[in-house]
1. In this structure, is Gly10 at pLDDT 90 or above and either farther than 15 Å from Tyr95 by Cβ or part of a loop (DSSP other than H, G, I, E, B) (or both)?
2. Return yes or no: is Glu51 more than 13 Å from Ala35 (Cβ to Cβ) and either at pLDDT below 95 or within 13 Å of the chain's Cα centre (by Cα) (or both)?
3. Identify, please: which residue in segment 28-77 is among the acidic types (Asp, Glu) and touching a strand residue (DSSP E or B) at 6+ places or on another chain (Cβ under 9 Å) and is, among those, nearest to Leu131 (Cα to Cα)?
4. For segment 51-70, name all the residues that are over 15 Å from Ala94 (Cα atoms) and in a loop (DSSP other than H, G, I, E, B).
5. If you take the residues of segment 80-110 that are charged (D, E, K, R) and part of a loop (DSSP other than H, G, I, E, B), which of them is nearest to Ala52 (Cα to Cα)?
6. Please specify each residue of segment 110-125 satisfying the condition of being surrounded by 13 or more Cβ atoms within 10 Å (Cβ to Cβ) and either without any contact (Cβ under 8 Å) to a residue 12 or more places away in the chain or of a type outside the set (D, E, K, R) (or both).
7. If I filter segment 111-141 down to residues being in a loop (DSSP other than H, G, I, E, B) and of a type in the set (A, V, I, L, M), which single residue comes out as nearest to Pro97 (Cα to Cα)?
8. If I filter segment 75-96 for residues that are in contact with a Lys or Arg (Cβ under 8 Å, 6 or more places away or on another chain), touching a residue at least 60 places away in the same chain (Cβ under 8 Å) and on the phi > 0 side of the Ramachandran plot, do I get at least one hit?
Amino acid sequence: MADDAERALGDARRRDRGGCDRAFAARALTGADGATFVVRDGDDCFYADEEAISPLWKGQRFPLDHCISGWAMLNAATAVVPDVSLDPRIPMEAYRPTFVRSLVVVPIGVEKPSAALGVYWSVRRVPHAGLIRNLEALAAHAAEAIDRVGARQRALGTHVPPQPLTGPRNGTGNGTGNGTGALGPVAGPRPRAMVGA
């Protein structure tokens with residue numbers, strides 16, 4: 001499992017695609033139709049990059065509390081939504097124009113996640129526990145890489161203060177983020193998963 005995540009991240013790095021590495025690795029690891037890399041920016045989620053069969057939300061920002069990726073970061077927990085049309089956290093106006101019918105979002109970081117990986121499918125599906133564990137392992141590797149870069153910058157005295165991320169804020173969000181889904185345990189480093197109705 002962890003080896004698969006490490007291999008997927010290594011494959012993504014070899015593609016030398018910059019910010020899309022994590023999204024590519026998540027998509028390759030899970031066989032998803034799309035994947036996003038989302039960064040926490042103050043009270044917003046910024047969809048920094050994506051790898052998908054058609055456009056999703058790249059370059060857009062949503063309030064943390066109105067976004068399924070924001071929920072994952074705020075709760076440091078995995079969000080699993082087998083059917084976006086049945087989950088009250090998902091506003092269909094944001095999803096209707098996309099191919100997305102089911103998704104999993106994992107936070108990157110343990111104490112206070114600063115990013116998230118989302119994977120999306122064009123069919124309704126309940127992802128198996130192994131897929132979720134692999135995605136969580138990939139997120140853990142990504143968190144370690146982010147921590148190493150920060151530590152190296154601090155050690156070299158080259159730390160650059162965070163700059164505001166660009167991108168329009170979309171007030172409708174891509175999820176209601178109200179945390180109303182049923183909670184259930186998930187094996188792996190995350191304490192609980194948010195499972196849609």
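The values are calculated or read from the model by the stated rules, or taken from the named source; none is laboratory data. A quick note: this is a predicted structure, and the numbers were derived from the prediction, not measured. Every residue, glycine as well, gets a Cβ built from its backbone with ideal geometry; the counts of neighbours run over all protein chains shown.
1. Spelling it out, it is not the case that Gly10 is at pLDDT 90 or above and either farther than 15 Å from Tyr95 by Cβ or part of a loop (DSSP other than H, G, I, E, B) (or both).
2. no
3. That would be Asp33.
4. If the condition is that a residue be over 15 Å from Ala94 (Cα atoms) and in a loop (DSSP other than H, G, I, E, B), then Ile53 is the only one that fits.
5. Residue satisfying both the conditions and the ranking: Arg101.
6. Across segment 110-125, the qualifying residues are Val110, Pro113, Ser114, Ala115, Ala116, Leu117, Gly118, Val119, Tyr120, Trp121, Ser122.
7. Val123
8. The answer is yes; a qualifying residue exists.
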